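The values are calculated or read from the model by the stated rules, or taken from the named source; none is laboratory data. Owing to the predicted nature of the structure, the values given are computational and were not obtained by experimental measurement. Virtual Cβ from ideal backbone geometry, glycine too; neighbours counted across all protein chains shown.
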DNA sequence: TAAATTGGATTACACTTGTAGGACGGTGGG
DNA sequence: CCCACCGTCCTACAAGTGTAATCCAATTTA
């Protein structure tokens, strides 16, 4: 699981999330898992899988009769990357600005607020 | 200032941020403002400006000898859009998951933590 | 005033992305 | 045993992006 430069596009993320949830999977399984929330032709999903393999984000086990695919990049790393580039683009890199804006703009339930407060507290005491 | 579908690319965001900061500006001014943090040819910046005009994200005042450009889309709306699509891609739309992850992963100073707590509090009491 | 620079419009060009389709060979059902 | 369908690999193709260059007219500069 390398960090690598995982440049994963929007559509590809959907496939990756499936594999991060459960792996290895055959392409049929992936198609099935994705199918529920996206209306793509299986061909499209195959394309995405191939691209991800070529990019080095997915690995393939060719021993099995039907190839099995599994992630080669770490989900956490990809999330961090994606997050950083988002924050950089929109907030000029200011995490603080971003969090503040979020808390202000988005509707969060009271329970969630309490949990976030708890998290902040834990962080503060560390 | 319409909300419109502001599909602004990474590079274009840099230009928009300049104009949201101060407008209207001539292209020379924009080039100058961008120049400091990006190493683009002025030509590149002109291209971006034109695209933004074509997209309807920027307006032009052609009365002045040198055209003056200004935003037609609201910054806040664009941020919200961008944010939503980020959260949807990475966190399946869960704002809460996202905030929690942030607080966990990123290094935030103690002062910032306190301010965030203050914000959360205000939100909670509202 | 002639030359050099700049601004705006148009064009360029390779790469990525979304979204498949076609060819070919293996597998499963009748 | 033969055919239809699925998985793989390759190809396609238009739109969007990053990153300019060209052409022409206006403007600044020597």
* Asked: In region B:51-61, how many residues are away from DNA strand C (no atom under 11 Å from the Cβ), over 13 Å from residue B:19 (Cα atoms) and surrounded by 15 or more Cβ atoms within 10 Å (Cβ to Cβ)?
  -> 1
* Structure fact -> When restricted to A:82, A:115, the only residue surrounded by 18 or more Cβ atoms within 10 Å (Cβ to Cβ) and assigned to a helix (DSSP H, G or I) is A:82
* Flag for residue A:56 being within 18 Å of the chain's Cα centre (by Cα) and on the phi > 0 side of the Ramachandran plot -> yes
* Asked: Taking the stated definitions as given, is residue B:58 modelled with pLDDT of 95 or more and touching a helix residue (DSSP H, G or I) at 6+ places or on another chain (Cβ under 9 Å)?
  -> yes
* **Long-range neighbours under 7 Å by Cβ, at least six apart or interchain, first residue modelled with pLDDT under 85 within region B:1-23, second within 15 Å of DNA strand C (Cβ to nearest atom)** => B:4/B:56; B:6/B:57
* **Residue list for region B:14-58, filter: part of a loop (DSSP other than H, G, I, E, B) and either within 9 Å of DNA strand D (Cβ to nearest atom) or away from every other protein chain (no Cβ under 14 Å) (or both)** => B:22, B:23, B:24, B:38, B:39, B:40, B:41, B:56, B:57
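So that you can scan it fast, the table gives a plain yes or no per residue for (1) more than 16 Å from DNA strand C (Cβ to nearest atom); (2) in contact (Cβ under 8 Å) with a residue 24 or more places away in the chain; (3) in contact with a helix residue (DSSP H, G or I) (Cβ under 9 Å, 6 or more places away or on another chain):
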{"site": "A:49", "(1), (2), (3)": "no, yes, yes"}
{"site": "A:65", "(1), (2), (3)": "no, no, no"}
{"site": "A:97", "(1), (2), (3)": "yes, no, yes"}
{"site": "A:109", "(1), (2), (3)": "yes, no, yes"}
